[in-house]
Amino acid sequence: MNLNIVMVEPQIPQNTGNVSRTCAVTGAALHLVKPYGFTITDRALKRAGLDYWDKLEIYEYNSLDEFFEKTNGEYYYFTTKGKNVYSEVEYKDNVYILFGREDKGLPERLLYENKKHCVRIPMRSDLRSLNLSNAVAIAAYEILRQWDYPDLTREGKLTQYTW
């Protein structure tokens, strides 16, 4: 099963670092669409991703148009503007979940043209949004739950004791 997490024009290096760590531990591919609000070598980005950068399958694109030209699969657009609840969707293999800029979200024209694939994480109406990296983790783990957590370890071990 192929899970692809797409960050469109991310602005905050710590969010991108946290998302990269989520990708590394789940086996999801990370797709980054430029322009960024930081450089890939940004210290905060590296610190948030810790030592997992070499465990990532990562792709970069110069624009959203280039991303769509070079990828093929089922696309879902996570947005506070969506009318569909993310957990009510049945996600198939080779899914791409797209997240927009922290300050603007995804382009509204893209959302308008893909209404059926715009999904929302429910939240209180009087607040703006969840943190981007938290939203990515929620979405990724819902998809992995539906897929029965392929290739993920389900049991941990104590360091000083045996269960």
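The values are calculated or read from the model by the stated rules, or taken from the named source; none is laboratory data. From a predicted model like this one, the values you see are computed outputs, not experimental measurements. Backbone-built Cβ (ideal geometry, glycine too); neighbour counts: all protein chains shown.
Here are the numbers for this structure:
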{"item": "Helices (runs of 4 or more DSSP H) wholly inside the stretch 49-163 that include at least 2 residues being of a type in the set (Ser, Thr, Tyr) and out of contact with any Asp or Glu (no Cβ under 8 Å at 6 or more places or on another chain)", "result": "132-146"}
{"item": "Residue selected from the stretch 1-52 under the condition on the phi > 0 side of the Ramachandran plot and modelled with pLDDT of 95 or more, by the criterion surrounded by the most Cβ atoms within 10 Å (Cβ to Cβ)", "result": "GLU9"}
{"item": "Number of positions in the stretch 53-81 that are of a type in the set (Gly, Ala, Ser) and crowded, with 18+ Cβ neighbours inside 10 Å", "result": "0"}
